[in-house]
Each structure stands twice: as structure tokens, then as C-alpha cells.
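Here the structure comes first, spelled out in C-alpha cells, and everything after it is commentary.
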Amino acid sequence: MTTADDFYAHYSRSGKAGWFGRLGSLRQSIIQCDGPAVMEILKSRCDIDLEAPEGCWIWNGATRSGYGFIGRGKTNKLAHRVSWEAARSFTEELGWLSVHHKCGVRLCINPRHLVAVSHLENTIEMLERQAYLRRISDLEKALNAVDPGHVLLAKLPRPLNENWDAL
Ligand SMILES: [Zn+2]
């Protein structure tokens, strides 16, 4: 079942004439599988650094569990999943695949930062990240114990895990 089919079936069942015209431009574009139009609308709902358009596109609309969220009822969608599909003009279906944020920023919907993976792959990567973070933390503590003034400790970035994908 494609994204467009989901939307079409839901609104057709609502049974009222003219249902399509009452939809917002985003839903209309999704139903029409108009990838470029959907991407433009999605981008207009993001904070994008115009000096660095290759960076994260931070969703500034509704969210759920820390992710961008669009729609309501049975047609709701996670914004980053719609972005992944729209970037391919809805010719590839995600199905049960997860969409992983390579940048680690849940609110980002830049399709270049998104990759479709199996849930297992996503979980493995998350566990590897957590293992690395624990290892880094242990090494920091050990270094701090023997040399609290070490230059590496002074240059530590803020914790990297706060935005990392938990899926
Ligand atoms: Zn990003």
C-alpha cells in the first residue's frame, strides 16, 4: 500500500463529495504523488540555514516522540518518513523499514540525512552508539583520574547523545 493509497482510501471512506478540495496542500500533493511539491511544502515548515542548505532541516511543526509529525487520524505520518518517500517521488515504499537519521537529529527531515534500514539494523547501530558512548565516558573518567588538567578533557564537546535517534 502506498502512501497515496492510504490517504485516498481514508478520505474516500469519509464519503463526502469534494473531500479532495478540502484537504491541505500537503495532503493533496502526497495523494498526487507530487514529490517536488511535497518537498517544497515540507521545507517551508523547517528551519533551514540558508548558508548551509546541506545541513539539517529542522522541522518546526507538530511533533510526536521527538519526531516531526504531520496529518491526523489514520493518515498521520512521521515527517521524516514522508520526506524520504517524497524525495523519491513516492516510487519506493518504506513498508516496515525504519528511516534512520544519519545526522542523529530526530527533527531533521533533510532527505540526504535519511537512510532506510531494517529495524534490526537501526537497533544494532543504536546499541553500538551506546556502547561507544559508555566506552568514551569510561575513558574520560580514567583520564580525569590520572590527569585532571589534560587538554583533551578541556576540549570535550557537550554530550553527543542527547539528540541521537533512539529507534
Ligand atoms: Zn540532519
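The values are calculated or read from the model by the stated rules, or taken from the named source; none is laboratory data. Quick caveat, the model's predicted, so the values are computed rather than measured. Methodologically, a virtual Cβ is constructed for each residue, glycine included, from the backbone with ideal geometry; neighbour enumeration extends over all protein chains shown.
Observations, loosely collected:
- Ile41 satisfies every condition listed in (1) of a type in the set (A, V, I, L, M); (2) farther than 23 Å from Glu121 by Cβ; (3) at pLDDT below 95 except (3).
- Some residue of the range 7-20 being among the polar types (S, T, N, Q), at pLDDT below 90 and in a loop (DSSP other than H, G, I, E, B): yes
- Inter-residue pairs, beta-carbon under 8 Å, first in the same structural domain as Ile30 (by TED's automatic domain parsing) and in the range 90-119, second assigned to a helix (DSSP H, G or I) and within 8 Å of the ligand (Cβ to nearest atom), 6+ apart: His101/His113; Lys102/His113; Cys103/His113; Val105/His113
- Hey, Tyr67 in contact (Cβ under 8 Å) with a residue 24 or more places away in the chain and aromatic (Phe, Trp, Tyr) or not: yes
- Selection from the range 73-102 of residues that are assigned to a loop (DSSP other than H, G, I, E, B) and of a type in the set (Gly, Ala, Ser): Ala87, Ser89, Gly95
- Test: Trp57 is within 12 Å of the ligand (Cβ to nearest atom) and either farther than 20 Å from Glu40 by Cα or among the aromatic types (Phe, Trp, Tyr) (or both): yes
- Checking His100 against (1) surrounded by fewer than 19 Cβ atoms within 10 Å (Cβ to Cβ); (2) in contact with a Leu (Cβ under 8 Å, 6 or more places away or on another chain), the condition it does not meet: (1)
- Consider the range 103-119 and keep the residues that are more than 7 Å from the ligand (Cβ to nearest atom) and not in a strand (DSSP E or B). The one that is modelled with the lowest pLDDT is His119.
- Where Ser83 falls short, out of the listed (1) among the small types (Gly, Ala, Ser); (2) surrounded by 21 or more Cβ atoms within 10 Å (Cβ to Cβ); (3) in contact with a Gly (Cβ under 8 Å, 6 or more places away or on another chain): (3)
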